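A short write-up of the structure that comes next.
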Amino acid sequence: MLRTTLAAAALALAAGPSPSAGAAPDVKASSRIDAVTVYRSSARVTRAARVELPAGPSRVLLAGLPEGLDDDSVRVDGRGAARARVFGVTVERVTAEEAQAAEARAAESRVESLQDEDRALQDRIQAAQARAKFVESLRSTYSEERAKNLAVRGVTAKEWSELASFVETALADSAAQVRKSEVARRDLGRRLAQARADLEKVQSKRGKTAKVVAVELESEKGGPLDLEVSYAVAAAGWQPIWDARLVPDTSTMELSFLGSVWNRSGEDWPGVALAVSTAQPQRGLAVPQVATRWLDRPQPVPASIPVGRGAMAPAAKAAAPAPAAQAEADVMYEGKAESRVQTATAAVEEGLLSATFKAPRRESIDGSGQARKVALASFPLKAQLVRIAAPRNEEAAFLVAKAVNETGFPLLAGLAGVYVGDEFVGRAPLPATPPGGEIEMAFGADDRVEVARKVLERKRESAGVVSKDEVMRYRVRISLKNRYAAPVSVRLLDLVPVSRDEKIKVEVLDGTTKPTREDPERPGVRIWELQLAAKEEKVVEIRYEVRWPMGTPIAGLE
């Protein structure tokens with residue numbers, strides 16, 4: 001077995017190449033992409049090739065590699081009967097003419113062939129139309145001539161019948177030929193459009209240059225060698241995508257984790273062992289340092305010099321989900337027991353700083369940038385359902401599911417498709433959630449929990465004998481009604497204004513329904529945690545007054 005990096009190859013060269021290295025013959029190797037590991041903004045591609053090495057030095061050439069590969073990232077590995085050593089790896093560029101792909105030539109030939117077929121069909125239609133026109137002209141000419149010569153020679157009924165039958169048959173054959181050719185042209189038009197699209201796709205992937213990797217080897221004896229060459233490309237990546245499905249009957253929030261993989265390297269990845277990794281190459285290699293902070297008198301900053309500041313967040317540990325067990329529910333289908341279709345999940349390898357998800361089967365990723373979604377993991381979370389209402393903004397109760405991340409790994413941030421049962425209700429961001437953290441997902445307004453807010457009193461008056469004060473009194477009533485035949489939980493939000501001026505006094509009055517708690521992050525916001533029994537209606541009242549010295553301007557009153 002042999003294993004090397006460019007650094008190892010350089011050491012081998014420094015130790016001295018083989019005496020006959022200058023006469024090394026070239027061995028062209030046909031390679032295929034066997035495996036790809038995709039990072040968030042790059043990918044590592046592994047090509048496999050089997051070559052028959054001669055005894056002594058040789059150069060194995062792997063051609064047709066993308067121009068965007070990172071030359072310094074090339075790594076070589078291999079095993080086989082030939083005892084081989086690697087003395088160097090060279091990345092060479094070839095011109096566009098040399099990189100002309102057989103795939104592009106085949107696509108161009110297909111377009112040209114279909115265009116020829118289309119022209120042949122057009123000719124067939126024109127010929128059939130010309131025949132029909134000739135028959136019409138022949139019928140008209142014959143009729144005129146026979147009409148003029150009736151006195152000389154009469155026309156029998158049989159002759160007229162044969163003429164009419166000939167004309168009818170000829171016109172019908174021509175019309176049928178035109179219809180048949182037009183149908184063929186329509187089908188051909190679709191194939192031609194697809195062929196042109198394929199050609200455009202191939203041409204978009206062909207850069208001005210391509211690359212060839214030359215591996216310089218020396219073998220003690222001839223024999224087969226299975227060679228692996230891997231390299232990094234920047235024009236690829238993936239992003240997490242979530243499906244959040246609420247199953248109300250079981251109070252379960254099912255999260256499905258998918259990876260949207262894209263590849264714009266110009267190199268197709270057909271049938272590869274695909275893996276996606278949470279690792280971020282190059283991130284965190286520059287360790288942040290704390291600089292000295294000097295205290296001094298402030299100095300004026302010239303207007304032409306921009307002032308900014310930035311912070312570097314430490315790299316967070318990313319762990320991996322274990323594929324959740326999925327209950328297999330049997331259903332009766334056409335009198336037979338059938339199991340429901342299940343979603344395949346990826347195998348997971350957890351590293352020190354990252355996790356890698358290996359796709360459950362080989363995947364094909366197009367090199368023109370079309371994204372491919374791959375299922376990675378699926379698991380149910382026990383959820384607590386609550387309706388949240390803020391009728392000051394909108395008189396509606398929004399269904400929210402709250403669950404604890406019990407997967408044992410951080411949930412990556414991403415966009416989630418939101419479903420209630422099988423009904424799609426929209427898309428929402430899923431925030432990054434650590435193990436043990438809480439997830440709250442909204443699933444839309446619930447029309448069976450009615451919310452109404454009404455201001456019963458908004459009264460302004462003056463008070464005081466010596467010094468007059470202005471007073472505004474408010475009375476607000478909020479009613480909530482449960483239309484379900486089962487109890488529901490409702491979290492109601494409303495507020496009492498908060499004063500920033502010591503001359504402006506706010507007082508909550510008797511008759512106000514005591515809130516469960518106040519929001520510590522939003523002063524004045526009250527929260528009522530309510531339990532509504534089946535078909536039950538509850539009322540919450542808010543009463544308060546605002547008092548300020550007469551003549552003092554005030555802002556923010558409702």
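Summary table below
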| item | result |
| --- | --- |
| Scope segment 518-553; condition among the small types (G, A, S) and either closer than 15 Å to V506 by Cβ or touching a Lys or Arg at 6+ places or on another chain (Cβ under 6 Å) (or both); matching residues | G524 |
| Tally, over segment 69-82, of residues that are among the charged types (D, E, K, R) and surrounded by 15 or more Cβ atoms within 10 Å (Cβ to Cβ) | 3 |
| Matching option when the condition is farther than 16 Å from P391 by Cβ, charged (D, E, K, R) and in contact (Cβ under 8 Å) with a residue 24 or more places away in the chain, among R491, R483, R475 | R483 |
| Residues satisfying the stated conditions in segment 28-59, i.e. crowded, with 17+ Cβ neighbours inside 10 Å and touching a Leu at 6+ places or on another chain (Cβ under 6 Å) | A29, S31, V36, A49, V51, L53, S58 |
| Tally of residues being touching a residue at least 12 places away in the same chain (Cβ under 8 Å) and in a strand (DSSP E or B) across segment 518-531 | 7 |
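The rows are residues; the columns are (1) more than 30 Å from T356 (Cα to Cα); (2) without any contact (Cβ under 8 Å) to a residue 12 or more places away in the chain; (3) surrounded by fewer than 18 Cβ atoms within 10 Å (Cβ to Cβ).
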{"site": "K382", "(1), (2), (3)": "no, no, yes"}
{"site": "N393", "(1), (2), (3)": "yes, yes, yes"}
{"site": "L399", "(1), (2), (3)": "yes, no, no"}
{"site": "K402", "(1), (2), (3)": "no, no, yes"}
{"site": "G414", "(1), (2), (3)": "no, no, yes"}
{"site": "Y419", "(1), (2), (3)": "no, no, no"}
{"site": "E423", "(1), (2), (3)": "yes, yes, yes"}
{"site": "R427", "(1), (2), (3)": "no, no, yes"}
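Per-residue answers, yes or no, for (1) among the charged types (D, E, K, R); (2) surrounded by 17 or more Cβ atoms within 10 Å (Cβ to Cβ):
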{"residue": "T512", "(1), (2)": "no, no"}
{"residue": "P520", "(1), (2)": "no, no"}
{"residue": "E529", "(1), (2)": "yes, no"}
{"residue": "K535", "(1), (2)": "yes, no"}
{"residue": "V539", "(1), (2)": "no, no"}
{"residue": "R543", "(1), (2)": "yes, yes"}
{"residue": "P549", "(1), (2)": "no, no"}
{"residue": "P553", "(1), (2)": "no, no"}
{"residue": "E558", "(1), (2)": "yes, no"}
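For (1) in contact with a helix residue (DSSP H, G or I) (Cβ under 8 Å, 6 or more places away or on another chain); (2) among the small types (G, A, S); (3) over 24 Å from A397 (Cβ atoms); (4) modelled with pLDDT of 95 or more, each residue gets a yes or a no:
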residue	(1), (2), (3), (4)
R500	no, no, yes, no
K505	no, no, yes, no
D519	no, no, no, no
G524	no, yes, no, no
W528	no, no, no, yes
V546	no, no, yes, no
I554	no, no, yes, no
L557	no, no, yes, no
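The values are calculated or read from the model by the stated rules, or taken from the named source; none is laboratory data. Quick caveat, the model's predicted, so the values are computed rather than measured. Every residue, glycine among them, receives a Cβ derived from its backbone with ideal geometry; neighbour counts consider all protein chains shown.
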